[in-house]
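> Provided herewith is a single structure, encoded as structure tokens, for subsequent inquiry.
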Amino acid sequence: MDTILSIIGLALGVASLVPAFASKNRKRKIIFVAVGLSVAGIFAFRIYEVVHSQSEISAVKSEMLEVLAAKGPLPFDDLLDRMYYPNFSEVDEAIDQLVEEKMVTSDLVDVQSAAGVHYKTRFYRVVENGKK
């Protein structure tokens, strides 16, 4: 969705350059060009950010699948600890995407601390051959 909105914004920025070519007034021409290039530049940068972010998240997803396949079910914190210099927001987005894509599933497990306190902890695991 961010990509689509950024592309629309970029198109609007470029389209705002059209009146600059039709205008006879030099000041108006400069204003239209400045505004058009500014808007186009902002949205072009936003497109770059979205594409770069998606490539980073894709790499994190691959690493996450490798860790889960090698280590078995893990809670989020243990998964985060086993990854190579993870960015929390990218890991969080990657796990959300993997769950949404049904490549990873989670189970809520009751665990007991050394003090005897019970906690509910979510363990993530790789979905094997379409089995949940």
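No lab work stands behind these numbers, since they all come straight from the coordinates. Keep in mind the model is a prediction, meaning the values are calculated, not measured. Here Cβ is always computed from backbone atoms with ideal geometry, including for glycine, and neighbour counts include all displayed protein chains.
> Hey, got a sec? Which GluC sites (Glu not before Pro) in region 92-132 land in a DSSP loop and have at most 14 other Cβ atoms within 10 Å?
Glu101, Glu128
> Taking only the alpha-carbon atoms of region 87-132, what semi-axes of the equivalent ellipsoid follow from 5 times the gyration tensor eigenvalues under a square root, in whole Å, largest first? Intermediate values should be presented prior to the final figure.
Numbers: eigenvalues 123, 49, 8 Å².
Ellipsoid semi-axes (Å, largest first): 25, 16, 6.
> In the chain, what is the count of Lys pairs whose alpha carbons are under 20 Å apart, counting only pairs at least 8 residues apart or on separate chains?
So the count works out to 10.
> By how many degrees, 0 to 90 and rounded to 10, does the Cα axis of helix 26-71 deviate from the longest principal axis of the chain?
It is inclined by approximately 10 degrees.
> Find how much the distance from Ser106 to Lys71 grows on full extension, using 0.36 nm per residue of separation minus their present alpha carbon separation; answer in nm with one decimal.
Value of the extension gain: 11.1 nm.
> Relative to the longest principal axis of the chain, what angle (0 to 90°, nearest 10) does the C-alpha long axis of helix 88-100 take?
Computed tilt is about 80 degrees.
> Go ahead and run the numbers for FRET between Ser38 and Ile7, Cβ-Cβ distance against an R0 of 25 Å, rounding to 0.05.
Step by step, r from the Cβ atoms, then E = 0.90.
> So how many Å³ per residue does the convex hull of the Cα atoms of the chain work out to?
143
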